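To start, the structure under review is shown below, and the notes come after it.
The values are calculated or read from the model by the stated rules, or taken from the named source; none is laboratory data. If you're wondering where the values come from, they're calculated on a predicted model, not measured in any experiment. FYI the Cβ positions are ideal-geometry reconstructions off the backbone, even for glycines, and counts take in every protein chain you see. Note: areas computed on protein heavy atoms with side chains; ligands, DNA, RNA excluded. Shrake-Rupley method; radii C 1.70, N 1.55, O 1.52, S 1.80 Å.
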Amino acid sequence: GSMPASTPRSYVLLPLLLPAVATAIRRADSGECVAPGSCSPPQASHSVVIRGPSPGQQWNYDGGFCGAWSTQQCALAHGVYVSQDLVRKANRESSGPHDMHGNTRLGYEVMPINVAFTAEKLKLDYDEWDYTQPSPQAAGFKAWLKAHLVGGNPIVFFPMCKGDGHKCYRSSPEDEGSCPNGGTCDHVEPIFGIFTNASLDDATVYDDDVILHASDQDMMPYFRRMETLQDSEKMDGNCAIAQPGFGKNEMYPCFDEDVTYGLAVKGTAATKNARKQQQQSNSSSSSREGPVLPHVSLTIDIDYEPNVRIFEKPCVVHGNVSVDLSGLEHGQQCTLYRYNSTEAFPTTAPYDQGYQYATNFTVDLESSSGKAKEWAFSDPNPFYSNTAVYYLATCA
């Protein structure tokens, strides 16, 4: 994904941001907004900025870890942290074709052809954009994108970048490479916010709707009008004004207007299965209901994960968890579990096994955070950047 000519590059770590900076729109002091990108939130009457993802620096190594980094950022919105190393390793058994970087030992670069497989193996709940539908797909893709962002689901997004090859690992024009059904991409980025002047209940995509994305190559938030988001492979329409080249073109990309790709992260396999069970018990006469699994999000205090594949030492990460109390009752008893690997994370009840830490809490809707419908928890037990950590809340 959008690699410089000389790789790997080493990066100076920015000072760690304080955990108190829980907002998704984090500004690095040294940050400069790369034109024509905009780094200031628009004036809009309504917005959803998803808690968890934030701008940061991907690993520029072995094809670029843009897909792994984007998947990592989107998973945070649902209480999950996974090292870029482990995101790739999750797709070791993918069926291919394996035209992208990687191998069966270390896993593969995350591309349109394997992103759903990767999310499945990471025990995430997801919705993949149907790239097999008739083209042009631009209008439908934007409607899908908006609906997920309004619903709090960030998107792993596969745009083209100005001046890049748009080949998607195709060896010939007939070959699909890593982009099925003839679309293309050069890079992968997370989209995690939407700004609109219409009601959030209005599913229509308006020209002045604005999305929030990261470039993966700097610490700035980028705000982009929805009407400018697509282009042809020629990149002479909306992206004609984009600057070509590494470190510039990721800040103003465009998706392929004919055939494109995306994956919305909706939760975990556990929340998905609990929701299914709830629907079944609602429709049948049996009143046996499992515990409620409220929504959990996670923010972390690093914007660069040390690259263990080039022998950088993993660092300590502090997690700040927020549990959404909407729909819960005052005084309800809940537990926040933390599991320290994808393997240990249970996708169905019972949830009280395989965990490393459990924290009990009582829903207090009178407290200041309770009035804001959240229970906030700064995890006193940090974890290492090269691991995977899953948080799950259950309420009786």
Q | Selected residue (only one of Thr299, Thr347 is polar (S, T, N, Q), buried (at least 19 other Cβ atoms within 10 Å of the Cβ) and either in a strand (DSSP E or B) or touching a residue at least 12 places away in the same chain (Cβ under 8 Å) (or both)) | A | Thr299
Q.
Looking at the structure I just gave you, is Thr184 closer than 30 Å to Gly102 by Cβ and of a type in the set (Ser, Thr, Tyr)?
A. yes
Q: Look through the range 62-89, keep the residues that are closer than 12 Å to Asn307 by Cα and in a helix (DSSP H, G or I), and return whichever of them is most open to solvent (accessible area, probe 1.4 Å).
A: Leu86
Q: Test Ala358 against the criterion of being in contact with an Asp or Glu (Cβ under 8 Å, 6 or more places away or on another chain) and either part of a strand (DSSP E or B) or in contact (Cβ under 8 Å) with a residue 40 or more places away in the chain (or both), and give yes or no.
A: yes
Q. Taking the range 263-301 on its own, how many of its residues are touching a His at 6+ places or on another chain (Cβ under 9 Å) and on the phi < 0 side of the Ramachandran plot?
A. 11
Q: Could you list, in sequence order, all residues of the range 35-61 that are in a loop (DSSP other than H, G, I, E, B), among the polar types (S, T, N, Q) and either open to solvent by less than 50 Å² (accessible area, probe 1.4 Å) or at positive phi (or both)?
A: Ser54, Gln58, Asn60
Q. Can you name the number of the only condition in (1) more than 28 Å from Gln57 (Cβ to Cβ); (2) open to solvent by 60 Å² or more (accessible area, probe 1.4 Å) that Ala143 fails?
A. (2)
Q: Can you confirm whether the range 306-327 contains a residue that is surrounded by fewer than 18 Cβ atoms within 10 Å (Cβ to Cβ), of a type in the set (Ser, Thr, Tyr) and under 24 Å from the mean Cα position of the chain (by Cα)?
A: yes
**Q.** Considering residues of the range 104-156 that are hydroxyl-bearing (Ser, Thr, Tyr) and farther than 30 Å from Asp208 by Cβ only, the residue nearest to the chain's Cα centre (by Cα)
**A.** Thr118
Q.
Where the second residue is among the β-branched types (Val, Ile, Thr) and at pLDDT 95 or above and the first is over 17 Å from His148 (Cα atoms) and lies in the range 40-63, which pairs have Cβ atoms under 7 Å and are six or more apart or on separate chains?
A. Pro42/Val210; Ala44/Thr196; Ala44/Val210; Tyr61/Ile310
**Q.** Positions within the range 327-344 being part of a loop (DSSP other than H, G, I, E, B) and either in contact with a His (Cβ under 8 Å, 6 or more places away or on another chain) or β-branched (Val, Ile, Thr) (or both), in sequence order
**A.** Thr342
(Q) Restricting to the range 365-396, and then to whatever is modelled with pLDDT of 95 or more, open to solvent by less than 10 Å² (accessible area, probe 1.4 Å) and not aromatic (Phe, Trp, Tyr), can you tell me which residue is farthest from Ser341 (Cα to Cα)? (A) Cys395
Q) What is the number of the single condition among (1) basic (Lys, Arg); (2) more than 19 Å from the chain's Cα centre (by Cα); (3) buried (at least 22 other Cβ atoms within 10 Å of the Cβ) that Arg224 does not meet? A) (2)
Q: Pull up the range 276-296, narrow it to residues that are over 17 Å from the mean Cα position of the chain (by Cα) and surrounded by 14 or more Cβ atoms within 10 Å (Cβ to Cβ), then point me to the one that is modelled with the lowest pLDDT.
A: Gly290
Q) Restricting the search to the range 212-221, which residues are under 12 Å from Gly37 (Cβ atoms), hydrophobic (A, V, I, L, M, F, W, C) and open to solvent by 10 Å² or more (accessible area, probe 1.4 Å)? A) Met220
